[in-house]
Structures are given as C-alpha cells and as structure tokens.
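In what follows, a structure is listed as structure tokens, so that the remarks can point back to it.
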Amino acid sequence: MRIPIVCALCWATLAAQVPTFRANVPVVLVPVTVADSKGRFVDGLTAADFALLADGRTQEFRLDSADAVVAPLAIVIAVQTNDLSATANLKVRKVGSLIQPLITGDRGRAAVIGYGDATVVLTDFTKDPGVIWAAFQRTAASQGGNAARQIDAVADAARMLAARPASERKILIVVGESKDRGSKTKLADALKLIERDAVTVYAATWSPYETAFTTKGTDTPQSTGNTTDLLAGLGEIARLAKQDSAKALVKSTGGEDLSFATLKGLEKSLSRMGEELHSQYLLSFPAQQVEPGFHTLSVRVLSRRGLTIRARSGYWFGEIPAPKE
C-alpha cells in the first residue's frame, strides 16, 4: 500500500523537471484557482506571483500553469438518489452527455455513484461518454425513503479515488442537497480521507422547494401521496439544523458550491466547474521531515490585489487513525 498522503507521487518522478528537489519523498499537490472580482479565471501568473505557506512557514514549491498541467482528471460524481431527489434527478439525468466534453476532457475518467440509504456504484471509472451517459440515466431511479447518506458517499468516493494512479488529479462532485441525512461516517473522518489524497470537492446543490416547482409537469414523477404530504416533508427538511456538509467539504478542499434549480442552471454549474478545472494552477512540494497528522496550507498572490484565491486548507500526512466510536 502506498504512503497515505495527498499524493503518493515520488518526487524522484519529477526530478528531471525540478533539479532542486531530488529526494524520494511524497509530494503535496495544491491545485489553486485564481479569479478576478468578476469571477473570471486569471491566467499568466508565474511562480514569483505566488506565496505558499505550510504550517505558517514559507514553502518552496514548483508551479505548473493550466497549459502545463498534464495530469489527467479522475472524477467521482456522487448523485443523491432518494425519494426527495426525484424531481431534481429528472434534470440531473439529462446532463450525462456533458461530463466528457465539459469536465473530464479526452484523457480524464469519471465514475458515477448514487447515494440514499447506501452508496451504489452506477459506473466505475471510464472514458466512454456512452457509459457515463447511461449511468446518469440511472440516477432518476430512487433507492426509496428520505435517507441521503452524503458523508458516507464522500468517504466511499475517497476510497475509490485513493485506488487511482498517483499521477491523476482527483476530483469529487457532489450533486444533491447541501446537508447530510443519516450518515454513519463523521464529517471530520471523511475530510481526513479526502485531504490525504488531494481530492478537491465541488458541489452542485439543490433545494427541494425550488426543484419541485421548476420541473415541467410532464417530467414530474407520479406520487403516491398528496401535495400536503410533500410540502410537509419539505418543511421537515427546511427545519433541519444540521451542519452544511457540502459547503464544509468544498471550503476545506478549495472547490466551489454552485446551486441550481433548473436544468439550465445545472448545465451552467457543470460548465463553470469544467472551466475552472482546466484553468487551475498546480503548486507542489516534497513533504520532507513532516510529522504525521494534519498540516495547514495557505496560498496568496503577491502581485495583484482584488483577486479571489481558492486552495485546499491543508493536507493529511501519515496513517489516518481509526474513527472513534
């Protein structure tokens, strides 16, 4: 089993490109998104424009721009598939054909999982756009009930991504409500798993209020209950005072949360994610003489003001302790 860290690349693999770092040690990958005040992605920055701090100390790093990043994408798309997601998923199933051209690109691979009361693999990693499309068709089927074990699904997705080659950039896209419903895995434990393997989390979240009323009548699934029952169930969700797990995952990993209510809104969200993934800078450095545990990261752009910089808040080094009961 490889060293459990953000990425198990040996720095020796990059030695020919980065002669100043020749130690055979794990590498910390830090994808960075830079946008201006209007949300447009900024290109053309060099290593001299960035400052990277690890545990509060300035860290020497290598920089690859979007044009130079050659690592293909490995993406897990986790779609909520319970009764409450029925109307939202009538929209979700229509965007399967967009995943390859907008997000993975020709060299990337995507896996699709559904989550309700359990995590179900709808397709393992594939480059075949037809297989991805077919997996999205199956997201319209419900597992039944109101459970939406989002954090459990995140942990399962992290394990799938951990098994991918270390040379791939690892992405998780969560499509569902912003809050978990019934997971056994604690959010902190799921975060350790994704921090270990440099997984960036994006979310396309929806509100059951909005999606229920932006679905065409011909698309609305048949219900065994009545409108009063439906609204009562939606009201119960609205009153949940749980932590917004999707936003917490996104913030910790440097991704973005883009909500949608309509098919056009979902298509726009996916397009934005794809544009960002192919516009990022990639900072990397060897994890030398690092103690096991969590280590903080901070990225700044020194040369310009008024920019929005998003990057992961830290990385996990060493074996992850077993969750406490």
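Stretched out straight at 0.36 nm per residue, the stretch from residue 118 to residue 268 would grow longer than its current Cα-Cα span by 51.1 nm.
With a cut-off of 12 Å between beta carbons, the residues surrounding residue 66 carry a summed charge of -4, where Lys and Arg count +1 and Asp and Glu -1. Computed from backbone phi, the HN-Hα couplings of segment 60-66 come to 5, 8, 9, 10, 10, 7, 4 Hz, rounded to whole numbers (Karplus: 6.51 cos²θ - 1.76 cosθ + 1.60, θ = phi - 60°; Gly and Pro given as x). Modelled this way, with points 7 Å down the Cα-to-C-beta line, the labels at residue 127 and residue 300 are 4.2 nm from one another.
Using the Cβ-Cβ distance between residue 58 and residue 186 with R0 set to 51 Å, the FRET efficiency from 1/(1 + (r/R0)^6) comes to roughly 0.95. Sequence-ordered 3J(HN,Hα) estimates for segment 121-126 from the Karplus curve with 6.51, -1.76 and 1.60 and θ = phi - 60° stand at 7, 8, 7, 6, 4, 8 Hz, glycine and proline given as x.
Judged by the ratio a/c of the largest to the smallest principal axis of the C-alpha gyration tensor, segment 77-213 counts as oblate, that ratio being 1.5 or greater while a/b is no larger than b/c. When its C-alpha radius of gyration is set against 2.2 N^0.38 Å (N residues), segment 244-319 gives a value of 1.38. A 27 angstrom limit on the alpha carbon distance is what I want to check against. Which of 91/127; 38/264; 38/94; 38/247 exceed it? Over 27 Å Cα-Cα: 38/94.
Read-outs throughout are calculated quantities, based only on the coordinates presented, and are distinct from any laboratory measurement. Quantities reported herein were computed from a predicted structural model and do not represent experimental measurements. Every residue, glycine among them, receives a Cβ derived from its backbone with ideal geometry; neighbour counts consider all protein chains shown.
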